[in-house]
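Taking it in order: structure first as structure tokens, then the write-up.
The values are calculated or read from the model by the stated rules, or taken from the named source; none is laboratory data. Computed from a prediction, not measured in an experiment: that's the story for all the values here. Neighbour counts are summed over all protein chains in view; Cβ atoms, including those assigned to glycine, are modelled from backbone coordinates with ideal geometry. SASA here: full protein model, heavy atoms, side chains in, ligands and nucleic acids out. Shrake-Rupley method; radii C 1.70, N 1.55, O 1.52, S 1.80 Å.
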Amino acid sequence: MRKNSKGIIFTMEDGEEVLFEILGETRLAGVDYLLVAMAEENGEAEALILKDKSLDSDVEAIYEIVDQEDELELVAKIFKEVLGDIDFDME
């Protein structure tokens, strides 16, 4: 995955690139997190929280999907407080 001015581009296993819009950014305990979403055809959006795993020496940003339940709940709570007008559920 790579970050550009429009969002985060995921490269799927088949080589297809999918753009996720960045809805918010936050920093917690020295780690950067992004809330991203990809619009679906029905108007809904799939949201993910990504954790920046980049090293200073990396040319491109490296992100990992947050899937550890306690970390996900904590960061989701921060995004809900900061972005009060956005309603999302984390599964």
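A few points about this structure:
- When D32 is tested against (1) at pLDDT 90 or above; (2) open to solvent by 90 Å² or more (accessible area, probe 1.4 Å); (3) in a strand (DSSP E or B), just one condition goes unmet, and that condition is (2).
- The single condition from (1) at pLDDT 90 or above; (2) loosely packed, with under 10 Cβ neighbours inside 10 Å that E91 fails is (1).
- Residues that are of a type in the set (V, I, T), in contact with a helix residue (DSSP H, G or I) (Cβ under 8 Å, 6 or more places away or on another chain), at pLDDT 90 or above and in a strand (DSSP E or B) do occur in region 45-63.
- Whichever residue in region 1-29 is more than 20 Å from Q68 (Cβ to Cβ), in contact with an Asp or Glu (Cβ under 9 Å, 6 or more places away or on another chain) and open to solvent by 40 Å² or more (accessible area, probe 1.4 Å) and, among such residues, is modelled with the highest pLDDT: T11
- The set of residues in region 64-88 that are at pLDDT 90 or above and assigned to a loop (DSSP other than H, G, I, E, B) comprises V66, D67, Q68.
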